[in-house]
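Reading through the structure tokens given below for one structure.
Values quoted throughout were computed directly from the atomic coordinates according to the rules given, and no laboratory measurement underlies them. Everything numeric in this text was worked out from a predicted model, so none of it was measured. Heads up, the Cβs are rebuilt from the backbone with ideal geometry, glycines too, and the neighbour counts pull from every protein chain shown.
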Amino acid sequence: MTFNAFQVTKTDEGFERAVVTRDVADLPEGDVLIDVQYSSVNFKDALSVTGNPGVTRNFPHTPGIDAAGIVIESADASVPSGAEVVVIGFDLGMNTAGGFGQKVRVPSDWVVRRPEGLTLHESMILGTAGFTAAECIDKLESHGMTTESGPVLVTGATGGVGSVAVKLLSHLGYEVAAVTGKADKHNFLTSLGASEILSREEMMDGGKRPLLADRWGGVVDTVGGEMLFNAVKSLRYGCSLAACGLVGGADIPATVFPFLLRHVNILGIDSVELPLAEKRRIWNRLADEWKLDLGDLEEALTFDTLSDALDRILAGQMVGRGVLHHS
Ligand SMILES: NC(=O)c1ccc[n+]([C@@H]2O[C@H](COP(=O)([O-])OP(=O)(O)OC[C@H]3O[C@@H](n4cnc5c(N)ncnc54)[C@H](OP(=O)(O)O)[C@@H]3O)[C@@H](O)[C@H]2O)c1
């Protein structure tokens, strides 16, 4: 059985991309073979495509950390043939051939049954990015954030995680402030529910001061670096920041003052190794009380437009969610 896949190959000149025909027999071992209908584009895929060894070490490789499709062979009765399933994270798309191929084979303990209330297509408009936005909000709320806590700040707001976070927070009744580097996308952010927009430059102001005016009842941070800690310095007393990304840098220029004087928290967010039961719980929320109308977040992609979308993610130019349609 053959299928098409977007493949990255290491050459003497660098990393080359091509759409190739692959054989199912060459997929890694696993107990569930899935006919992938949709995948989506995440920042990590762009790192894989450019050969970042922290993401992918073995080439040729098919990236794609997200996949949604129909089981066509299974050795596990809990995900039988014909079941509609979603796979995000674990090793998918890192060193295991991922969702940019029309078939994937994975261990069954990476697989979540599609929750009722969410189509396969919707699950990939959300994808890892949207799931992570929900995970951030879920964790902030479990640490006390409510709509009474104060406005919630979202950094990297037009990106995948950021745009879903803005939309979901607004849907839940939060007042949302969005940080963006894209001066021409303010209307997009307002349409998602942001009531205040800050520039990246504003968020970089104040780096030398130990504390800044206390403004935020919570923060979803996708950027890291100096922006993350300026946001921590602006948290209201006892409030929290969910740290999930590093597009602006992995190092944090920090002091202990906000923790000692404002009782604030930085909460770590990982969507990759999150245990399957927790993944299922968050997906069920997204399919039920957190269900969004997602049409305004999608950029539909094909094999022909995928490579360009990956370049735009690397350049910080992606807006919303790029969804790869396999048929
Ligand atoms: N912890 C986890 O499990 C997890 C899961 C998913 C993603 N992530 C991480 O979250 C981050 C965002 O992922 P994504 O898929 O949403 O990526 P994305 O779609 O590329 O969005 C990132 C956004 O950040 C802003 N940005 C880009 N470069 C920047 C810079 N140098 N300084 C400040 N802002 C910058 C841009 O938005 P504006 O132009 O609007 O500012 C960009 O659209 C990545 O670091 C990713 O690895 C982590």
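Here are some notes:
- Mean separation of Cα contacts under 8 Å (6+ apart) over length of the chain, as relative contact order %: 18
- At least 20 Å along the helix axis (C-alpha) and Kyte average at least 0.0, DSSP helices within the chain: 120-142
- For the range 271-313: rounded, prolate or oblate by the Cα gyration tensor [a/c cutoff 1.5]: oblate
- Report note on the peptides 295-302, 127-134, 145-152, 57-64: ranked by the mean count of other C-beta atoms within 10 Å, highest first, their order is 127-134, 57-64, 145-152, 295-302.
- Straight-line cross-link partners of Lys233 among the aspartates and glutamates, defined as a Cα under 12 Å from its Cα and at least 8 positions apart when in the same chain: Asp205, Asp214.
- Annotation: the residues Leu33, Leu189, sorted from fewest to most other C-beta atoms within 10 Å of their own C-beta, follow the order Leu33, Leu189.
- Distance from the alpha carbon centroid of the range 34-106 to that of the range 251-327 works out to 17 angstrom.
- Global form of the range 39-140, assessed from the alpha-carbon gyration tensor, a/c cut-off 1.5: oblate
- Rounded if a/c under 1.5, otherwise prolate or oblate - the range 4-60, Cα gyration tensor axes: prolate
- Euclidean distance of C-alpha centroids, the range 178-197 and the range 138-165, integer Å: 15
- Kirkwood hydrodynamic radius of the chain, from inverse mean 1/r over distinct Cα pairs, in Å: 20.1
- Compared with the direct C-alpha span, the chain from Thr305 to Ile252 gains 15.6 nm at full extension, assuming 0.36 nm per residue.
- ³J(HN,Hα) computed for each position of the range 73-84 - Karplus, 6.51 cos²θ - 1.76 cosθ + 1.60, integer Hz, glycine/proline x: 8, 8, 9, 10, 5, 6, 10, x, 3, x, 5, 8
- Under 5 Å, built H, 5+ apart or other chain: amide partners of Ile197: Ala178
- Sorting Ser327, Ser240, Ser123 by the number of Cβ atoms found within 10 Å of their own Cβ, with the fewest placed first, yields Ser327, Ser240, Ser123.
- Note on Val106, Val24: ascending count of other Cβ atoms within 10 Å places them as Val24, Val106, the fewest first.
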